[in-house]
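We did not get these values from a lab; they are worked out from the coordinates using the rules stated. These figures come from a predicted structure and were not determined experimentally. Positions of Cβ are backbone-derived with ideal geometry, glycine not excepted, and every protein chain shown enters the neighbour counts.
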Amino acid sequence: MQVHAHAAREAKQTLSPFEYQTPTLGHQDVRIEISHCGICHSDIHLIDNDWAISQYPLIPGHEIVGTVIELGLGVKHLKKGDRVGVGWQCGSCLQCEFCLRGDENLCDHSQATCVGHFGGFAEGVVVDSRFAFPIPSDLPSETTAPLLCGGITVYSPMVHYGVRPAMKVGVMGVGGLGHMALQFASAMGCEVTAFTTSSDKEVEAVKLGAHRVVMMKDADAVARAANSQDFLISTVSGAMDWMQAMSFLRPDGKLCVVGASPTQIQVPAFALISGRRSIVGSPIGSRHRIMEMLAFAARHEIGAIVEVMPLAKVNEAIAKVRANQARYRMVLKV
Ligand code: NAP
Ligand code: ZN
């Protein structure tokens, strides 16, 4: 089947229309007719080949929602017409220690939806059905698509690292991931602080669940935020002052890195020794965690605040993400 998509032909280039022929379906594959696809900052990193893993022509897009229109012979848990979501990961070995214990996102043979595969800035995609997740019926497609990567990336470490209602949780960067992190931490009952460089985001951050907003350009506010957070998740995609981020941690506090800042993390040993502070990281989330996150989002009415644009305007949408002008997730409607 012929698929119409938008692809980057070279690093850092704008996307242009691209067509390709999908292979016949494997035993466990499903063909999905895409309705919506979010633009994650990882798509921008891939277009720019920031991580030296991109393959061109590159069809980005890994916050996919669509409808199952064809199934491989081995697919039993989905049927034609089901609404499903696909995130960053589209495959893993399903046999290693980590896959068997339900941590597929830690598998050494993890496959990414738009690395070596054609992604979701397209009218359709073929993926392994075991990485396509039914979407709860009360979740709207456009506000749910961003949960498939951005949402799970912030929800998963909160659960994994034991965030509890009494904790003080900070979110650095109120972008796509950050604005969903505020909602999850708030729904978990935490005391939530947003750390932002954008003054116009203050009001919205409070609406999304922040009890306090620290403007990073205000030296006094930054100083007052010292020693205040139990769990601080950094979603920042740009330059970071890691020692400043560490300064916000209380004793036993954790700085959890999910944003792919290009700044090397260098801290003196005593930044970790004193107060038993730690720096951890986290990649996306496992399959069962994605299912749990979708159910949690449905129960607490969590979703992205989106600006929807037609797929044909993909370059305009990407430009807004690059300029940090997305409020708060650009979503392409196919
Ligand atoms: P985004 O929507 O562009 O948001 C990033 C936010 O970072 C911005 O809104 C901005 O928030 C803040 N920021 C501070 N300094 C910045 C700078 N110099 N340049 C750009 N932004 C700056 O991006 P996203 O989609 O949320 O993704 C955030 C990062 O997470 C990306 O690096 C992405 O690759 C990564 N990511 C990681 C995983 C994972 O598995 N760990 C999964 C998905 C994405 P303020 O305006 O509030 O300051
Ligand atoms: Zn992503």
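The table below gives the values:
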read-out: The chain, dipole about Cα centre (Lys/Arg Cβ +1, Asp/Glu Cβ -1), debye to the nearest 20; value: 540 debye
read-out: Angle in degrees between helix 150-160 and the longest Cα principal axis of the chain, rounded to the nearest 10; value: 60 degrees
read-out: Centroid-to-centroid separation of the stretch 143-211 and the stretch 6-76 [C-alpha atoms, Å]; value: 27 Å
read-out: Positive-end extreme of charge dipole, the chain - chosen from 155, 35, 248 (charges on Cβ); value: 248
read-out: Within the chain, percent of DSSP bridges classed antiparallel, to nearest 5; value: 55 percent
read-out: Order of 93, 37 - criterion: other Cβ atoms within 10 Å of each residue's Cβ, fewest first; value: 93, 37
read-out: Rounded to the nearest 20 debye, dipole of the stretch 34-181 from Cβ charges on Lys, Arg, Asp, Glu; value: 460 debye
read-out: Cross-link table 12/201; 79/313; 168/207; 254/320; 168/201; 207/254, entries beyond 22 Å C-alpha to C-alpha; value: 12/201; 79/313; 254/320; 207/254
read-out: Residue 93 paired with residue 19, simple spin-label distance in nm, labels 7 Å along Cα-to-beta-carbon; value: 4.0 nm
read-out: Between helix 176-187 and the chain: long-axis angle, C-alpha atoms, 0 to 90°, nearest 10; value: 70 degrees
read-out: Burial order of peptide ranges 114-127, 160-173, 270-283 (average beta-carbon count within 10 Å, highest first); value: 114-127, 160-173, 270-283
read-out: Ranked packing of 303-309, 96-102, 183-189, most packed first, by mean Cβ within 10 Å; value: 183-189, 303-309, 96-102
read-out: Three-way shape label, the stretch 33-181, alpha-carbon gyration tensor, a/c 1.5; value: rounded
read-out: Shape category assigned to the stretch 205-334 from the gyration tensor of Cα positions, a/c cut at 1.5; value: prolate
read-out: Segment residue 211-residue 266, length gained on full extension (0.36 nm per residue, minus Cα span); value: 16.8 nm
